[in-house]
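Single-structure report; data block below.
The values are calculated or read from the model by the stated rules, or taken from the named source; none is laboratory data. Worth saying up front: this structure is predicted, and the values here are computed from it rather than measured. Positions of Cβ are generated from backbone atoms using ideal geometry, with glycine treated the same way; all protein chains shown enter the neighbour counts.
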Amino acid sequence: MVRQLDLPNFTRASDIPGIDQCGLGWLNSKIYEDEIPTWGYWMTGTATHYGIELSIGNDFSVEDGVEMALEHFDELIDRAGRRGQFVRWTKKKPRNMAEQNIERWIRTWFDQVPPGAPNRHPIYDKYEWPPKTEVRIDALLGEHPDHDDWECPDVLLCKNHLYTEADAIFEHKSGDQIGIPDWKTGATGIKNIQLWIYYRGLRAMGEERIFTGWFHNLEEGKVKFVEMLYPGDDYIDALIARAESKKQPERLWEMLPAPTAPDWFCKYCLVQDKCPVFSEQGTLPNLDEFDIRYLDPDAYYVGSRDS
């Protein structure tokens with residue numbers, strides 16, 4: 001029996017480390033999308049960013065921001081329940097602490113970010129207020145470097161199509177640069193590549209000014225700046241092209257080899273039970289059993305998927 005498998009013909013910022021670290025995990029997450037649970041920390045983070053976005057756009061008070069974030073969290077829980085989707089929680093962020101975590105992160109943001117905040121970090125004083133929030137980055141970055149080596153099933157697939165979203169974009173008061181923050185809700189290490197990808201997409205959309213990037217950890221209440229200079233468009237394009245090329249029909253098989261042993265990122269994998277490394281029932285997918293479609297963002301995110 002042939003099953004339909006929908007794959008994105010675009011790349012998100014998170015796809016690049018995901019495919020590089022474990023292509024099998026990325027592929028299985030698409031094959032078993034309707035069966036896998038969702039992370040509770042994703043829901044709390046999403047709700048927090050929702051509360052921040054509304055607070056900026058509507059000049060909310062901290063109490064309003066907390067209320068909106070908690071309401072959205074309840075909506076996410078209800079949505080998962082309607083789908084019959086299991087929610088997986090972690091020891092560090094259990095279900096019974098979710099609402100407290102959301103409220104704490106929102107209050108930290110109000111304490112350190114907007115104008116008049118009691119402990120506003122000085123980086124924000126350099127930029128105009130308000131910033132643009134949840135900025136959609138949708139850009140074609142040029143012809144795929146392997147275009148002549150395979151028969152392309154879709155014209156967009158022959159491009160490096162970047163489709164992702166930044167928390168916010170700030171305008172510097174000098175007018176000659178932009179600021180790209182990433183508001184973190186956990187003790188996540190710095191990943192310069194994430195902000196570089198955002199900047200590359202913005203450049204493809206016409207942005208010519210230099211940028212400063214920083215990670216503002218709302219769990220720790222600390223700001224860490226991108227420590228390295230932007231490596232250039234060609235470098236970022238090459239990373240995106242590598243991720244895109246591995247998704248092509250003739251190269252999907254390259255994702256199939258399972259890791260020989262668990263690695264640090266395996267503990268975050270939602271398809272461990274499908275992996276031969278973790279489960280005796282785990283098997284490698286047979287790609288011949290699938291009718292693979294490559295969809296653009298509008299088609300891919302229709303229905304149960306969240307963008």
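A compact table of results
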| item | result |
| --- | --- |
| Hits in the stretch 22-56 - residues which are touching a Pro at 6+ places or on another chain (Cβ under 9 Å) and assigned to a helix (DSSP H, G or I) | Gly23, Leu24, Gly25, Leu27, Asn28, Lys30, Ile31, Gly40, Ser55, Ile56 |
| Candidates Lys173, Lys126, Lys191 - the one that is basic (Lys, Arg), farther than 23 Å from Leu54 by Cβ and either buried (at least 16 other Cβ atoms within 10 Å of the Cβ) or at pLDDT below 95 (or both) | Lys191 |
| Any chance Gly18 is assigned to a helix (DSSP H, G or I) and either at positive phi or crowded, with 22+ Cβ neighbours inside 10 Å (or both) | no |
| Test set (1) at pLDDT 90 or above; (2) over 22 Å from Asp263 (Cα atoms); (3) assigned to a helix (DSSP H, G or I) - Gly81 fails condition number | (1) |
| Hits in the stretch 60-76 - residues which are crowded, with 16+ Cβ neighbours inside 10 Å and not acidic (Asp, Glu) | Phe60, Val62, Gly65, Val66, Met68, Ala69, Leu70, His72, Phe73, Leu76 |
| Matching residues in the stretch 243-265 - criterion: being in contact (Cβ under 8 Å) with a residue 60 or more places away in the chain, of a type outside the set (Asp, Glu) and more than 14 Å from Leu27 (Cα to Cα) | Phe265 |
| Enumerated strands (runs of 3 or more DSSP E) restricted to the stretch 158-271, each holding at least 3 residues that are under 19 Å from the mean Cα position of the chain (by Cα) | 159-171, 177-184, 210-217 |
| Residue pairs meeting the criteria (Cβ under 6 Å; at least 6 apart or on separate chains; first over 15 Å from Val271 (Cβ atoms), in the stretch 1-24; second β-branched (Val, Ile, Thr)) | Thr11/Ile240; Arg12/Thr164; Ala13/Thr164; Ala13/Ile197 |
| Residue check, Ala299 over 30 Å from Asn101 (Cα atoms), surrounded by fewer than 17 Cβ atoms within 10 Å (Cβ to Cβ) and either touching a residue at least 12 places away in the same chain (Cβ under 8 Å) or within 19 Å of the chain's Cα centre (by Cα) (or both) | yes |
| Filtered residues of the stretch 201-227 (kept if in contact with a Lys or Arg (Cβ under 7 Å, 6 or more places away or on another chain) and free of Cβ contacts under 8 Å to residues at least 60 places away in the same chain) | Phe215, Asn217 |
